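For reference, the structure discussed in these notes is given below.
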Amino acid sequence: MKRVVEQVRALHRLEPANNDHLAALRVAASVAVPSLLLLVAGRPDLIIYAVFGALTGMYGRNEQHQLRLRHQAQAALVLLSGVGVGVFLSVNHLHSWWLVAVEAVLAGVGSVYSDRVRLKPNGPFFGILALGACASVPTVVPWYVAMLIASGSAAFSVAVGFSGWLRRRSWQRGAARNPGLAGRRDVMLHAARYVLAVGAAGSLGVLSGSGHPHWAMAAAAVPLAGADLPSSVRRGVHRIVGTFVGLAVTAVVILPEPWTLTGLFPGQQAILLALLVILFQFTTELFMARHYGFAMVSFTPVILLMTQLAAPIDPALLILERGVETLVGALVGILVVVAVRRAGSRSPAALLGRAPLLGRLPLFGRAGRPRH
């Protein structure tokens with residue numbers, strides 16, 4: 001019972017700060033510059049591509065500059081691949097079941113790659129989020145323009161992450177990021193869970209008639225990044241609760257009511273939404289490593305606001321579908337984590353995050369605390 005209580009308390013535990021404001025400022029700057037340039041150019045609808053490229057800055061937050069450079073280059077490959085595949089699907093009008101099949105397969109491929117190079121934040125989540133979001137909005141510019149925006153934003157993000165080196169100019173010869181040490185069987189099992197969870201959640205999203213099944217697929221991937229069963233369940237709960245609070249924040253911004261921000265500033269919606277995307281991305285990164293649920297309160301508006309900039313729809317419908325798809329996806333992800341586990345991870349101690357899983361810790365982090 002004591003261990004159960006500990007796991008419940010862990011739901012609202014805030015991890016110690018670790019220069020989070022510096023990482024948040026780097027990410028905010030990476031998002032702000034390309035987004036504001038697009039806003040000045042009169043193309044706020046293209047900010048979605050800039051933001052996904054700029055999320056490169058979320059990786060390697062506390063590493064040495066030369067290691068962060070390599071880490072962010074590896075992350076840029078995942079993000080730009082997601083944007084590229086999403087734009088391809090959008091240009092060719094491949095939606096619904098095509099999107100589910102392609103995203104599920106690439107979730108598995110991204111899982112293998114992410115585990116092997118030890119991406120942090122853990123797993124292919126941001127890559128498949130970029131894929132689904134870009135596939136679900138019309139591509140109103142040539143595909144190469146969308147890719148140039150995302151690539152330029154990613155390159156700028158890497159430059160921001162490396163800029164601190166100019167002050168110290170220290171280079172440690174032979175420094176390298178630790179490779180993934182889990183066995184091939186563990187890596188492939190982990191990838192299979194991504195394929196199963198993402199595919200199942202996306203299928204439910206399509207069958208429900210939702211216009212955004214990719215949100216269910218992204219939510220299903222969240223619990224899979226946990227270090228063990230308790231942390232996986234916590235991530236799922238954080239995803240649901242944080243998203244629903246974030247939806248309330250989003251409603252205050254975009255609902256067509258006199259008391260909302262868009263109602264208070266009519267005619268300035270594009271400028272307002274673009275500035276809020278930058279602000280909320282800062283607060284997202286500020287809490288990403290400390291409490292996933294708090295981070296989702298801010299990240300939910302980021303996704304919805306830039307989606308609304310790219311392809312506006314009824315705000316109430318947008319909020320409703322985000323809530324439903326997130327709930328379905330997170331529950332599917334938790335069910336997959338519970339149903340598909342490694343041999344030896346079914347003991348009571350392991351289920352409560354107390355028993356070390358051989359070959360797992362070097363890959364997924366300290367048991368009980370998800371790697372972000």
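The values are calculated or read from the model by the stated rules, or taken from the named source; none is laboratory data. Worth saying up front: this structure is predicted, and the values here are computed from it rather than measured. When we count neighbours, we look across all protein chains shown, and the Cβ atoms used for this are built from the backbone with ideal geometry, even at glycine. For accessibility, only protein heavy atoms count, side chains too; no ligands or nucleic acids. Shrake-Rupley method; radii C 1.70, N 1.55, O 1.52, S 1.80 Å.
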Query raised in the report: (1) over 22 Å from H214 (Cα atoms); (2) in contact with a Ser or Thr (Cβ under 7 Å, 6 or more places away or on another chain): which one isn't true of L79, the others all being true?
Result: (1)
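Residue-by-condition table, conditions (1) surrounded by fewer than 23 Cβ atoms within 10 Å (Cβ to Cβ); (2) in a helix (DSSP H, G or I):
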residue	(1), (2)
R9	yes, yes
L38	yes, yes
L55	no, yes
E63	yes, no
L99	no, yes
A107	no, yes
**Report entry** Subset of region 19-31 (residues that are open to solvent by less than 20 Å² (accessible area, probe 1.4 Å) and either modelled with pLDDT of 95 or more or closer than 15 Å to V302 by Cβ (or both))
**Finding:** A24, V27, A28, S30, V31
Query - Elements of type helices (runs of 4 or more DSSP H) in region 142-229, at least 2 residues being closer than 26 Å to V87 by Cα, open to solvent by 20 Å² or more (accessible area, probe 1.4 Å) and modelled with pLDDT of 90 or more - result: 143-162, 184-207
Query raised in the report: For region 242-274, which residues satisfy the criterion of being of a type in the set (V, I, T), open to solvent by 30 Å² or more (accessible area, probe 1.4 Å) and modelled with pLDDT under 95?
Result: I271
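Run down Q66, Q72 and say which single residue is over 28 Å from Q269 (Cα atoms), touching a Phe, Trp or Tyr at 6+ places or on another chain (Cβ under 8 Å) and at pLDDT 95 or above.
Working: Q66 fails: at pLDDT 95 or above.
Answer to the selection: Q72.
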Query raised in the report: What do you reckon, is I313 in contact with a Gly (Cβ under 8 Å, 6 or more places away or on another chain), part of a loop (DSSP other than H, G, I, E, B) and either modelled with pLDDT of 95 or more or open to solvent by 30 Å² or more (accessible area, probe 1.4 Å) (or both)?
Result: yes
**Report entry** Test: V83 is open to solvent by 10 Å² or more (accessible area, probe 1.4 Å), modelled with pLDDT of 95 or more and not aromatic (F, W, Y)
**Finding:** no
Query raised in the report: Cβ-Cβ below 6 Å, separation at least six or inter-chain, first residue in region 261-285 and within 24 Å of M58 (Cα to Cα), second open to solvent by 80 Å² or more (accessible area, probe 1.4 Å) and aromatic (F, W, Y): which pairs?
Result: L272/F265
Query raised in the report: Inside region 116-141, can you point out the residues that are within 16 Å of P34 (Cβ to Cβ) and part of a loop (DSSP other than H, G, I, E, B)?
Result: V141
Requested in this report: Quick one: R371 ticks every box in (1) modelled with pLDDT of 95 or more; (2) touching a Lys or Arg at 6+ places or on another chain (Cβ under 6 Å) except a single one, so which number is it?
Outcome: (1)
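Can you name every residue in region 78-115 that is without any contact (Cβ under 8 Å) to a residue 24 or more places away in the chain and either of a type in the set (S, T, N, Q) or under 24 Å from G226 (Cβ atoms) (or both)?
At the first step, the residues of region 78-115 found to be without any contact (Cβ under 8 Å) to a residue 24 or more places away in the chain are 92-93, 98.
Correct list: N92 only.
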**Report entry** Hey, F287 assigned to a helix (DSSP H, G or I) and either open to solvent by 20 Å² or more (accessible area, probe 1.4 Å) or over 23 Å from D45 (Cα atoms) (or both) or not
**Finding:** yes
Requested in this report: Quick one: I278 ticks every box in (1) within 30 Å of W98 (Cβ to Cβ); (2) open to solvent by 10 Å² or more (accessible area, probe 1.4 Å); (3) under 21 Å from the mean Cα position of the chain (by Cα) except a single one, so which number is it?
Outcome: (1)
